[in-house]
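Following: one structure in structure tokens, then a few remarks.
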Amino acid sequence: MEQHPHEPLARLSVALRSAGVRPDFPSPDRWELLLDPAVFRGWVEQRCAGHVGRVRIAGPLDRRLAVVERTDGRWVVADLSGQPHRSRAWPAWTREQLILEDPASWLSLAHLDERAVWRLSRPSALLAALYHPETFPLPRFPLGISTVARAARDTLLGTVALADMQLGLSLDGLVARIDGDRPDILGVSATFGQYDLLVELLESVYAQDDPPLVVAGGSLTLRVERVLLDRFPSLLVARAGGEATIGALLAHWHGDCGLDDVPGLGYAGAPRGGGLAVGRRRTAKPVTRDVTADVVPELDLLPATFDRHGVAQLETSRGCTSYCSFCPRDHKGSWVGAGTGRLPWLLGELSAVFERYPQVSRTLYLVDEEFLGRAPDATSRALELASLLHRAGFGWESSCRVDQVVDPDQSHGWHVERAEMWRALVARGLRRMLFGVESGVDSILDRFAKDTTGEQNLLAVRTLSALGVPTRFTYITFDPLMTLDELKATHAFQGRTDLLLAPQPDLSPAEVVRGVRDARFAAAAGTGQPFYQGISYLLVSMECLIGAAYTRRVQQAGLAGAVTPSMGRVEARYADWRIGVAASWAQRWVDRHFALDYTFKSLEKVLDGAPRRQVREARGVLKDASYTVLGDLITELDTRPLHRDPTAEAILDVRIWQRIENRLALLRGVLAAAVHDLLPVFGREHAALLVTEHRRWSAAGGWTLINAADACAS
Ligand code: SF4
């Protein structure tokens, strides 16, 4: 037991020999073996049959444990990371049930009693992510269930498998898998727009004999907790990130604790039958946030995500520093930066997978709500993170608030320091940063509680573009409480050509900070490009999400309608009926193009260089058309009286419909040419995907809504 080979698979070979496998046994050669414990266990069981007894694989990827029974009844326990066993934070349950002979080594003989073998074996948990393929054609690495899986594996209790509908699994397929695998615990992650899938899944699962313990999480679930618990009284709802909840839930399955001890859990009555329903919703312990915790996912599903042309996602912080009125904050919490201790290791693991997919752009999408945060070390932390990513050979993207660039409460020196930081971040691999501008009109920004002004947004866009920071911006064009004057001001702001400036690499950060505040400088440095070309999705309408302050204002104004649990939102009428009609048509316009636009966006993510630029240009065609439609809408609704009457409404509806049909006819021709020009720059699979989506878009008729928007970007 003295050998210390360097690679996990080499260590596995050593461990298997210690367990009784003959010395000439070939070393495992499947690089992806370590990523999925079930595949790993199956491989060892099959290859070593007859030489070893039972096999269990436990622990997260960075501390994977192989636990192999010898024919003499003792066990070999190998920490494949090579770290000594005693450096692991062993869960309390192992104390008397798993006794290591040599805790100072990564490899030890051990005595396991049957209770330990049982705990290493059960419960079996299946964590599933839902997905509507027609809405989002290309997958994103399922970060939520992957970080929850790590927390579950950290407990060394049972087994955890992952299933993601993005990866070719239909809802029927998922139900069949649950029926076949009979997991003890089913975890489901559902986000906005997936209520129908969630309900269908829960109905199928609860119709089974002896259904599993089901826990649902994700941004949608929290918004519709009451509706779900009324309909599925046995359901458990994970209210926070899910990591703390799953660990305690596994312990609860073994009878170690009651549901009341499971953090962040909402539920109604007795969850597994047999008890009395209490008739009210319960919330057990609140989640205590561990501010130093690394947010590290398991990587079981990363190769399959790349197989389907998807992208890799990570988180370096959770929560947000702000309280925008349209953003329900309870599931997000205050901003907390994740620890970076394990990031170098994680980047190494990611690199190993990326190297198998040389056609995939080495870009990581950091899905933080607010990348920087407000801690005193925000700048140095961001630079350190960027350096780690850059040294590992990755480009990266994330989201951030505008006041991390321009803040009227801060000094000139602060702005210069920030300008230096932004340039340094670009030099360290920042590929693009998303800013939630949301409006350029002060009265709207006040209503949104963005804590920013139009002038601030203008200066931030100028600063970022002059510094050469690649950006995209989100913008809420319509909101139910807006006036026609505000809509006109919105249109004007989006069309301004003095915001997006040409990069000024020869100017110092201080000169840029000064220059952007000077109209003559802005005029001279302008690209002539309208601001809307930098906006991710144009013509977006406000979603009145359940629990948001804005939604309460809508309710107070008597404009609220039905609650739609599918989106976790409240329907809202517009204070100005004409804007309501325009917003409805704008949404139909957005929805008509959403899948195609999302395909462009997804292709942009997985490409580099000239092909990526050309995809952006194709998206620009859509943006030009959308902005023209906004102008058309304003022209039309300006001709109708503020006083609502059915005839005026019908006329407005028809006139907008005619205008939009005309715009669509023009767009068809321009887009067909753009797609035709793009195809030669793509590989076969990307070209096929674009052709399919373009055909689907061309063949679509009518104007329907797809309910696909998310809460907010930043
Ligand atoms: S909208 Fe973005 S910036 Fe505003 S509170 Fe929500 S996450 Fe934070």
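The values are calculated or read from the model by the stated rules, or taken from the named source; none is laboratory data. Just so it is clear, the model here is predicted, and its values are computed rather than measured. All Cβ positions, glycine included, derive from the backbone under ideal geometry; neighbour counts span all protein chains shown. These area figures cover heavy atoms from the full protein model, side chains too; ligands, DNA and RNA do not enter into them. Shrake-Rupley method; radii C 1.70, N 1.55, O 1.52, S 1.80 Å.
Quick notes on this one:
- Helix 143-154 and the long axis of the chain differ in direction by around 20°, with both axes built from C-alpha atoms.
- Tilt relative to the chain, helix 412-427 - C-alpha long axis, 0 to 90 degrees, to 10: 60 degrees
- Cleavage-rule hits, trypsin sites (Lys or Arg not before Pro), the stretch 519-609, DSSP coil, Cβ neighbours within 10 Å at most 16: Arg573
- The chain - accessible surface per residue (Å², probe 1.4 Å): 39 Å²
- Residue among Leu201, Gly255, Ala492 farthest towards the positive dipole end of the chain, charges placed on Cβ: Ala492
- Between 0 and 90°, nearest 10: helix 378-391 axis offset from the chain longest Cα axis: 70 degrees
- Of all aspartates and glutamates in the structure, those lying under 14 Å Cα to Cα from Lys488, and not within fewer than 8 positions of it along the same chain, are Asp442, Asp479, Asp576, Asp632, Glu636, Asp638.
- Rounded, prolate or oblate (a/c below 1.5 giving rounded, otherwise prolate when a/b exceeds b/c) for the stretch 306-557 by Cα gyration tensor: oblate
- D_trans [Stokes-Einstein, Kirkwood Rh over alpha-carbon pairs] for the stretch 297-449, 37 °C, 0.692 mPa s, µm² s⁻¹: 194 µm²/s
- Of the solvent-accessible surface of the stretch 148-200, computed with a 1.4 Å probe over protein heavy atoms with every protein chain present, carbon and sulfur atoms account for 47 percent.
- Percent carbon-and-sulfur accessible area, the stretch 462-614, ignoring ligands, DNA and RNA, probe 1.4 Å: 53 percent
- Estimated Rh, the chain: Kirkwood, alpha-carbon pairs, angstrom: 27.6 Å
- The chain: relative contact order in percent, alpha carbon pairs under 8 Å with at least 6 residues between: 9 percent
- Accessible surface of the stretch 8-115, 1.4 Å probe, proportion on carbon and sulfur as whole %: 50 percent
- Seen from all directions on average, the stretch 576-714 presents a Cα convex hull projection of 9.5 nm².
- Value of relative contact order over the stretch 306-557, rounded to a whole percent, pairs C-alpha under 8 Å and six or more apart: 19 percent
- With 0.36 nm allotted per residue and the present C-alpha distance subtracted, the Asp677-Ala89 stretch has 206.0 nm of extension available.
- The stretch 93-184: trypsin sites (Lys or Arg not before Pro) in DSSP loop, at most 13 other beta carbons within 10 Å: Arg95
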